[in-house]
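Below is one structure; the comments refer to it alone.
The values are calculated or read from the model by the stated rules, or taken from the named source; none is laboratory data. The model shown is predicted, which means the values in this text are computed figures rather than measured ones. Glycine gets a Cβ as well: all are built from the backbone with ideal geometry, and neighbour counts include every protein chain shown. When the accessible area is computed, the model is the full protein with side chains, heavy atoms only, and any ligands, DNA or RNA have been set aside. Shrake-Rupley method; radii C 1.70, N 1.55, O 1.52, S 1.80 Å.
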Amino acid sequence: MTMKIKLNGQDYNTEKETLLELLSELGIMPERVAVELNLCVIRRADLAKQKIQDGDVVEIINFVGGGI
Amino acid sequence: MEDDKLIIRGIEFKSRLWVGTGKYKDFEETARAVEASGSDVVTVAVRRVNITDRKSPNLLDYLDPKRYKILPNTAGCYTVEDALRYARLAREAGVSDMIKLEVIGDEKTLFPDNIGLLKATEILAKEGFIVFPYTNDDPVIAKKLEDAGAAAVMPLGAPIGSGLGIRNPYNIRIILEAAKVPIIVDAGVGTASDATVAMELGCDAVLINTAIAGAKDPISMAEAMKYAVIAGRLAYKAGRIPKKLYATASSPLEGMLV
């Protein structure tokens with residue numbers, strides 16, 4: 001089943017069931033990022049069991065160059 | 001200098017120069033500048049992963065977290081809620097509880113919103129974060145941040161990226177006199193002598209980004225900053241002579257041909 005989610009501010013369709021599968025679909029290594037689901041930070045260890053639902057708002061962040 | 005290590009909440013910092021990783025030409029240059037600075041602490045920002053260009057390189061491919069302490073910031077946050085959100089995400093993405101906390105109050109000056117900063121410091125400290133709040137050179141707010149649980153206080157020398165140097169050394173001195181936590185000058189350094197001034201005042205460390213990244217030759221400036229911070233620290237520890245209005249001869253009068 002295709003689910004419509006908001007991913008980093010953009011509309012995104014996925015058939016993946018969990019956040020870890022979504023990361024894998026995107027080619028992102030979980031060690032380098034943090035994931036927020038509907039404004040809640042999801043622990044890395046919980047990514048595999050955290051299910052995605054239609055309408056979810058997902059943010060995936062990483063570290064970029066920055067100073068002050 | 002070997003036995004003069006900076007230790008904050010049990011974390012040992014080899015370098016008293018902390019460097020930012022923004023504004024460099026590319027990650028290659030970032031890595032070379034950080035290396036030349038001799039610093040073991042790098043600040044980073046928290047931003048969305050580029051999901052459209054997944055092949056884009058990652059900063060941490062160039063700065064090994066095993067070698068450098070990664071200090072995420074909440075740069076760009078204008079509210080307590082945003083700062084808390086970024087801090088919590090940063091902790092999950094990173095490897096430590098350290099956060100360089102910024103709650104900005106004004107776009108033009110990037111001066112902090114100290115009321116929001118104090119609130120966010122208190123909340124994050126309770127959540128077990130090691131909080132490094134970026135603040136004004138105001139002794140009263142510095143003390144309040146310390147009381148709220150800040151692990152160190154980071155007063156600005158001058159506005160972020162301005163390169164104006166330490167605008168109010170007297171306030172920094174007052175902050176230092178009262179502080180029980182380390183004081184790290186954050187922002188304002190323009191060139192090596194500014195970093196030395198901060199260290200000569202007795203600051204525990206200096207954080208520099210734009211002055212290095214924006215220099216014509218960032219790698220050389222990084223090296224200059226390394227020595228500037230070491231020189232300032234040594235001079236502070238050595239204890240400078242008092243300033244006097246008139247001369248005091250440094251050669252003896254005895255034995256002159258009179």
Boolean, residue B:35 is open to solvent by 20 Å² or more (accessible area, probe 1.4 Å), at pLDDT 95 or above, within 20 Å of residue B:205 (Cα to Cα) and assigned to a helix (DSSP H, G or I): yes
Index of the failed condition, residue B:186 passing every other in (1) open to solvent by less than 10 Å² (accessible area, probe 1.4 Å); (2) free of Cβ contacts under 8 Å to residues at least 24 places away in the same chain; (3) among the acidic types (Asp, Glu): (2)
Of all residues making up the stretch A:4-45, the number that are more than 10 Å from chain B (Cβ to nearest Cβ), open to solvent by less than 60 Å² (accessible area, probe 1.4 Å), under 24 Å from residue B:81 (Cα atoms) and over 9 Å from the mean Cα position of the chain (by Cα): 1
Qualifying positions in the stretch B:81-117 - buried (at least 20 other Cβ atoms within 10 Å of the Cβ) and of a type in the set (A, V, I, L, M, F, W, C): B:83, B:84, B:87, B:89, B:90, B:93, B:98, B:99, B:101, B:103, B:104, B:117
Qualifying positions in the stretch B:139-174 - open to solvent by 50 Å² or more (accessible area, probe 1.4 Å) and in contact with a helix residue (DSSP H, G or I) (Cβ under 7 Å, 6 or more places away or on another chain): B:143, B:144, B:174
Residue ID - most open to solvent (accessible area, probe 1.4 Å), chosen from residues in the stretch B:4-28 that are within 12 Å of another protein chain (Cβ to nearest Cβ) and in a loop (DSSP other than H, G, I, E, B): B:25
Residue ID - nearest to residue A:58 (Cα to Cα), chosen from residues in the stretch B:23-62 that are out of contact with any Ser or Thr (no Cβ under 8 Å at 6 or more places or on another chain) and among the acidic types (Asp, Glu): B:53
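For (1) in contact (Cβ under 8 Å) with a residue 12 or more places away in the chain; (2) touching a helix residue (DSSP H, G or I) at 6+ places or on another chain (Cβ under 7 Å); (3) of a type outside the set (Asp, Glu), each residue gets a yes or a no:
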| position | (1), (2), (3) |
| --- | --- |
| A:15 | yes, no, no |
| A:20 | yes, yes, yes |
| A:32 | yes, yes, yes |
| A:40 | no, no, yes |
| A:43 | no, yes, yes |
| A:61 | yes, yes, yes |
| A:65 | no, yes, yes |
Conditions (1) assigned to a loop (DSSP other than H, G, I, E, B); (2) in contact with a Phe, Trp or Tyr (Cβ under 9 Å, 6 or more places away or on another chain); (3) open to solvent by 10 Å² or more (accessible area, probe 1.4 Å); (4) not basic (Lys, Arg): number failed by residue B:53: (2)
